[in-house]
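These notes are about the structure you will find just below.
The values are calculated or read from the model by the stated rules, or taken from the named source; none is laboratory data. Because the structure is predicted, anything quoted here is derived from the model rather than measured. All Cβ positions, glycine included, derive from the backbone under ideal geometry; neighbour counts span all protein chains shown. In case anyone asks, the SASA skips ligands and DNA or RNA and just uses the protein heavy atoms, side chains included. Shrake-Rupley method; radii C 1.70, N 1.55, O 1.52, S 1.80 Å.
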Amino acid sequence: MNPLLNVDGISKFYGHRIGCMDVSFDLFPGEVMGIVGESGSGKSTLLNCLAGQLIPDRGAVIFDTRTDGMRDTVTMSEPERRMLSRTDWAFVHQHARDGLRMNVSAGGNVGERLMAVGARHYGEIRDQATDWLGRVEINADRVDDRPSAFSGGMQQRLQIARNLVTGPRLVFMDEPTGGLDVSVQARLLDLLRGLVREMNLSAIIVTHDLAVVRLLADRLMVMKDGHVVETGLTDQVLDDPQHGYTQLLVSSVLQV
Amino acid sequence: MQSCADYRASEMGLRYKMSDYNFAYLDEQTKRMIRRAILKGLAIPGYQVPFASREMPMPYGWGTGGVQVSAAVLTPDDTFKVIDQGADDTTNAVSIRRFFEKTAGVAVTEATVDASVIQTRHRIPEQDLRSDQILVYQVPIPEPLRFLEPSEVETRKMHSLEEYGLMHVKLYEDISQHGAIATAYAYPVKVEGRYVMDPSPIPKFDNPKLNMAGIQLFGAGREQRIYAVPPYTDVVSLDFDDYPFEASKAEHACDLCGAEDSYLDELIVDDEGGRMFMCSDTDYCAGRRKDGHVGAQGAPYGEDAA
């Protein structure tokens, strides 16, 4: 089987400081990869490099495009990359406000990606938007409300609907459950797990919450100071951590 | 006492003293700069060309962009007409017309057919324009995506990459809130299949007229942008398949001249709900009345007080 994404030696520097250093991995279709680490360990830098929002200083991000096979997204032209980012890719921000248009209705938010790829039939756009609101457990009668009238959890679910409506194959998530209270988190994780399985999505999830990766991720990558210090199957890494930092991380989780 | 500059001017045999206005107010370098922007705009229909907008002796929002474009295209042989919401006799139209009478000495007219350059705010004349006529629009906000995307860097990128999905989000919002595309003016258009353009706040009734024989120039003074639509250029109003574009107007005939095909202003005439509709294009209305057309509340031409 061919990987969907092949990351080869990605490095990003901020002046003399290291953002992330020499990260390589393969991601296969349907696989969910978790990236954990403390604040400042370079997880978000890495994610932004992969998603084309930052330009890495070294390395290649090779994505299996639908039309021309394996392509390096770092060197492809900007229009192509932006096209990818609204068709095959999705990006879920930690703060829903960064990923939503707050002054546009929920239906408009979900429909935007459809219209961006050429949908020009109002009725169909609206039907799809309503359908997707249902799939993320938002009542259909909220379709014309603005996200500012939504709770934090609903905003996050709306952001997910907005991203998944064009049927992407790869989802980047940056702390998708950050800032939500635990019961809302649990519901969101449940929803995400369902969608990932149902749509056979590949995902890269950046988080510092080990519970999130335990639930969602098949594989885990632990980062510290810009370097990957440990990789492996999620359960393996969490149950039998080898690296000193991973051991510290796992033992830092409070047991209730 | 004769100033040094005046002395030099007379020595060189120039017709004007330094205290006179340069032809059409602006200095020649500025006009060159604006003409270059206009030519670039015509070469790339619908593309917003940045230009170094000058301070004009009028406030922003009163047509500083249009005035600069007019100044750059006027020649001494031109006949100039100014309309404001279709009318020749509003403050804005009168003062801009006088401005060019004084600073360029050009002939002015109120008749659309006689004008070679027409500066307009918010309307396209009802009379079809010819290929030897230039229509200059005053534009407040040239960027059609502005209210959806506040960043200029981002909107420029969207134009260059032809990412116009967001424009339809606005129309989607209209339909979801009002049941129809409620945008009634400044209705976005796509020019020659490429750039999405704000046609300035003309009513959408005028949008089909954007496919015309005349040259259309758009000047935004405060925003420092010029754009243009060359003659016979394809201009399409954006819409949805199931909610097609409709050029709407009040369902009435003009009460003065009886015209049913012109864009109408609604006027409240008393405090009992009395109202009348009349052509917003005053020249068109007067022309029809001269030809003997009389509307429901109108008197034959020449008999009313006006």
**Asked** Does any residue of the range B:226-235 turn out to be of a type in the set (Asp, Glu), more than 30 Å from B:Asn92 (Cα to Cα) and at pLDDT 95 or above?
**Response** yes
**Message:** Suppose we filter the range B:278-298 for residues that are open to solvent by less than 30 Å² (accessible area, probe 1.4 Å) and at positive phi; how many remain?
**Reply:** 0
**Request:** Could you tell me whether the range B:175-184 includes any residue that is assigned to a strand (DSSP E or B), within 30 Å of B:Ala87 (Cα to Cα), within 14 Å of chain A (Cβ to nearest Cβ) and open to solvent by 10 Å² or more (accessible area, probe 1.4 Å)?
**Result:** no
**Prompt:** Hey, among the residues in the range A:66-85 that are away from every other protein chain (no Cβ under 14 Å) and modelled with pLDDT of 90 or more, which one's surrounded by the fewest Cβ atoms within 10 Å (Cβ to Cβ)?
**Reply:** A:Thr75
**Asked** Looking only at the range B:233-283, which residues are of a type in the set (A, V, I, L, M), in a loop (DSSP other than H, G, I, E, B) and within 14 Å of chain A (Cβ to nearest Cβ)?
**Response** B:Leu238
**Asked** If we keep just the residues of the range A:117-146 that are under 20 Å from the mean Cα position of the chain (by Cα) and open to solvent by less than 30 Å² (accessible area, probe 1.4 Å), which is nearest to the other protein chains (Cβ to nearest Cβ)?
**Response** A:Leu133
**Prompt:** Applying the selection to the range B:54-91, what residues are closer than 24 Å to B:Met278 by Cβ, in contact with a strand residue (DSSP E or B) (Cβ under 6 Å, 6 or more places away or on another chain) and surrounded by 20 or more Cβ atoms within 10 Å (Cβ to Cβ)?
**Reply:** B:Gly63, B:Lys81, B:Val82, B:Ile83, B:Asp84
**Asked** Going by the conditions given, is A:Ala90 at the interface with another protein chain (Cβ under 8 Å from one of its Cβ atoms) and closer than 20 Å to A:Leu201 by Cβ?
**Response** no
**Request:** Would you check which residues across the range A:186-237 are assigned to a helix (DSSP H, G or I), in contact (Cβ under 8 Å) with a residue 40 or more places away in the chain and under 15 Å from the mean Cα position of the chain (by Cα) and list them?
**Result:** A:Leu191, A:Leu195, A:Val196, A:Val212, A:Val213, A:Leu216
**Request:** Tally the residues that are farther than 15 Å from B:Phe99 by Cα and part of a helix (DSSP H, G or I), restricting the search to the range B:25-68.
**Result:** 16
**Asked** Is there any pair linking a residue in the range B:207-227 that is farther than 17 Å from B:Gln119 by Cβ to one that is open to solvent by 30 Å² or more (accessible area, probe 1.4 Å) and among the acidic types (Asp, Glu), with Cβ under 8 Å and at least six apart or on different chains, and which?
**Response** B:Asn211/B:Asp234; B:Ala213/B:Asp128
**Item:** Any hit, the range A:33-46, residues being outside any loop (DSSP other than H, G, I, E, B), without any contact (Cβ under 8 Å) to a residue 24 or more places away in the chain and not small (Gly, Ala, Ser)
**Value:** no
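Yes or no, residue by residue, for (1) under 24 Å from A:Gly153 (Cβ atoms); (2) of a type in the set (Val, Ile, Thr):
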site	(1), (2)
A:Asp190	yes, no
A:Ser202	no, no
A:Val237	no, yes
A:Pro241	no, no
A:Gly244	no, no
**Asked** If you check B:Ser131 against the conditions, is it within 13 Å of another protein chain (Cβ to nearest Cβ) and under 22 Å from B:Leu217 (Cα atoms)?
**Response** no
**Asked** Can we say B:Val269 is surrounded by fewer than 20 Cβ atoms within 10 Å (Cβ to Cβ) and under 26 Å from B:Leu171 (Cα atoms)?
**Response** no
**Asked** Just checking, which of B:Pro203, B:Pro144 is more than 10 Å from chain A (Cβ to nearest Cβ), over 26 Å from A:Asp98 (Cα atoms) and within 24 Å of the chain's Cα centre (by Cα)?
**Response** B:Pro203
**Prompt:** Considering the range B:150-173 alone, what residues qualify as being facing chain A (nearest Cβ under 10 Å) and assigned to a helix (DSSP H, G or I)?
**Reply:** B:Lys157, B:Met158, B:Ser160, B:Gly165, B:Leu166, B:Met167, B:His168, B:Val169, B:Lys170, B:Leu171, B:Tyr172, B:Glu173
**Prompt:** Is it fair to say A:Asp22 is part of a strand (DSSP E or B), open to solvent by 50 Å² or more (accessible area, probe 1.4 Å), in contact (Cβ under 8 Å) with a residue 24 or more places away in the chain and not polar (S, T, N, Q)?
**Reply:** yes
